[in-house]
Every structure is written in C-alpha cells, then in structure tokens.
1. One-quarter of the Cα convex hull surface for the chain, in nm²?
2. Got a sec to turn the phi values of segment 71-82 into Karplus ³J(HN,Hα) couplings, 6.51 cos²θ - 1.76 cosθ + 1.60 with θ = phi - 60°, whole Hz, x for Gly and Pro?
3. Can you work out the Karplus-derived ³J(HN,Hα) for every residue in segment 84-95? Use 6.51 cos²θ - 1.76 cosθ + 1.60 with θ = phi - 60°, whole Hz, and x for glycine or proline.
4. Using alpha carbon centroids, what distance separates segment 142-160 and segment 10-37, in Å?
5. Placing unit charges on C-beta atoms (Lys and Arg positive, Asp and Glu negative, everything else neutral), compute the dipole magnitude of the chain about its Cα centre in debye, rounded to 20.
6. Per residue of segment 10-27, what does 6.51 cos²θ - 1.76 cosθ + 1.60 with θ = phi - 60° give for ³J(HN,Hα)? Whole Hz please, x for Gly and Pro, Karplus curve as stated.
7. Among 132, 60, 100, 87, which comes first, second and so on when ranked by fewest other beta-carbon atoms within 10 Å?
8. Of 136, 73, 120, which has the largest mean-square fluctuation in a 10 Å C-alpha GNM of the chain?
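Read the figures in this text as sums done on the coordinates, not as results from a lab. Note that the structure is a prediction, hence the values are computed from the model and not measured. All Cβ positions, even for glycine, are placed from backbone atoms using ideal geometry, and neighbour counts span all protein chains on display.
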Amino acid sequence: MTYDFRIAAADTPTMYRDLESALQGLVAGETDAVANMANAAALIWETLPDVNWVGFYRNVGGELVLGPFQGRPACIRIKFGEGVCGVAAETRQVQRIEDVHAFPGHIACDSASNSEIVVPLIRDGELLGVLVIDSPKTARFSEEDEAGCLRLGAILSRIL
Ligand code: SME
C-alpha cells in the first residue's frame, strides 16, 4: 500500500484545506499516537514550503518532551514557560513568531530557524502537547497559516 498525499501548490487556504483532508485520511482508524504524530509531521513537512523543522513535543507530567518530527535533531526537554514552545504550553495560546531571535528565551535548536509557529494541542481541557513548525524565512507564517495550523491542531487533538 502506498500513501501518496502529495498536494499541489495552491493558494494558502486551499493548501491547508487539502492538507486537512490528507491528514484526516492518514490518521483515520489509527489510534496509535506515535504513528499519527510521525505521519502528520511527514505530511506537513512534505507539503509546506520553506520549513526546516516540523514536529511535536508531548506533555509528559508537566514538561514538554520531544516527539516525532522531521528536521535536525532537537532539544529533548522544554519546561513550561520556556522558549516559544513552553510559552505556548503554559498559556495554551498559539504562538506565531515572526523573528525568533527577538523572542525572549527562544530555544535555538537549529540555527537556521528564523520564524516559528507553535500550536497547543488540547483535548477535554488537557494539554496533550504542541505542534511546532520552524522556518528559515523571517515572518514565514501568516494569519492564514495560523488559521490552517489551528485546524490541523484540532484534528490532531482528537486522535493523539
Ligand atoms: N524553538 C523552540 C524549540 C523547539 S524547536 O524549534 C524544534 C522554542 O523556542 O521553544
């Protein structure tokens, strides 16, 4: 069985709509969280232009621990409140950062990253973890990207 979810280049909202249906298809009927995070990271990595890291940190006992990802090896543990990921986890608010070097406490896992978006994944009031996407381009993520990533996050929160 092959999974060919290659998504044609299109305007940003269309691309996220296609990404959403591909993600739904990819995780349908699978309950293993690691498998779903791994495939989601690969799908987003393949689809979004100008990204250098896509992946997950999981909430393990009140600390963020590295999960499945695509990109360079990254820091393993992040405390709530620390870095962009920790702030997203603590505030439960999406963090869309145009210039990570201007973000106090930013954790530089890959020196190529210049902008970043982090989406908290919440189900039934519980923070499951965060979805993280980094880009080498400053201000890579628009409001349309944020809306799209929030919808991907909503799908992921249901199946992790
Ligand atoms: N830059 C993040 C760390 C994780 S990575 O980008 C993979 C942060 O400041 O929390």
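1. 8.8
2. Once rounded to whole Hz, the list reads x, 7, x, 10, 5, 8, 10, 10, 7, 4, x, 9.
3. Each residue of segment 84-95 in turn: 5, 5, x, 5, 4, 5, 6, 8, 6, 10, 4, 10 Hz.
4. Their Cα centres are 10 Å away from one another.
5. The dipole of the chain has a size of about 300 debye.
6. 7, 5, 4, x, 5, 4, 5, 5, 5, 4, 4, 5, 5, 5, 4, x, 5, 9
7. On the way: 132 29, 60 12, 100 19, 87 23.
Ranking 132, 60, 100, 87 by Cβ neighbours within 10 Å, fewest first, gives 60, 100, 87, 132.
8. 73
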